[in-house]
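**Student:** If you scroll down you'll find the structure; I have some questions about it.
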C-alpha cells in the first residue's frame, strides 16, 4: 500500500520530446466476505443446546467473526447467547426429530455469510406421566368404583 511514481518521455519522431510523471496509489484490498460452514448438533428432548458455529467458519483476512442473526427452526426457537455469542437452540416441548435453523456471521467490515445448522433431537429416557384429579360420588353405604387412570396420560404412551 502506498504511492509510487515514475516518469516517461515521449517523442514525436522529429526531435520534439516531452516528459510526464505518473503517480500510482495502491490502496488496501477490498474486504472479502467470510465463509460460514454448515454445522450439526444434537440434544435430547426438552434440552437446549449451544452450537459453537464459528469454530469451522473462516475469513480470508482473519477478521473476528460475530453471529449477527439467527432464524428459528420449525420445531424450536433460537437465541444468541449474550456471553458467548453462540446460537442456543431450544426444541419445542416434547419434540423428537430433526430440525434446522440458519445463522449469519459478519466480519465487522461489511462481509457476511449464512449457513445452516441441522439439529437432531433425541428422546429423553422417560417423561413422567400426567395424573389428573378424579371425582366420584355415591350414596351412603354404596360402594363406588373409580377408574382413576382413564383420564391420565403419558407422553410416550406407556401404560
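Read-outs: derived from the displayed coordinates by stated rules, not from any lab. Given the structure is predicted, the values throughout are model-derived calculations rather than measurements. Cβ placement follows ideal geometry from the backbone for every residue including glycine, while neighbour counts extend to all protein chains displayed.
**Student:** Quick one: grab the alpha carbon gyration tensor of segment 39-122, order the square roots of its eigenvalues as a ≥ b ≥ c, and give me rounded if a/c is under 1.5, else prolate or oblate depending on whether a/b is larger than b/c.
**Tutor:** prolate
**Student:** Once you order the gyration tensor axes a ≥ b ≥ c over the Cα atoms, which shape class does the chain get: rounded for a/c under 1.5, otherwise prolate or oblate by comparing a/b with b/c?
**Tutor:** Because a/c hits 1.5 or more and a/b exceeds b/c, the chain counts as prolate.
**Student:** What FRET efficiency comes out for the pair residue 4/residue 66, r = Cβ-Cβ distance, R0 = 41 Å, nearest 0.05?
**Tutor:** Efficiency computed from Cβ-Cβ geometry: 0.70.
**Student:** Ranking request for peptides 34-44, 135-145, 16-26: highest mean number of other beta-carbon atoms within 10 Å first, then the rest in descending order.
**Tutor:** Output ranking for 34-44, 135-145, 16-26: 34-44, 16-26, 135-145.
**Student:** Using the beta-carbon distance between residue 93 and residue 137 and R0 = 30 Å, what value does 1/(1 + (r/R0)^6) give for FRET efficiency, to the nearest 0.05?
**Tutor:** Result of the calculation: an efficiency of 0.30.
**Student:** Give me the extension gain from residue 50 to residue 74: residue separation times 0.36 nm, minus the current Cα-Cα distance, reported in nm with one decimal.
**Tutor:** Numbers: separation 24, 0.36 × 24 = 8.64 nm, distance 1.74 nm.
Length gained between residue 50 and residue 74: 6.9 nm.
**Student:** Please give the Cα centre distance for segment 33-71 versus segment 109-159, rounded to the nearest Å.
**Tutor:** Their Cα centres are 33 Å away from one another.
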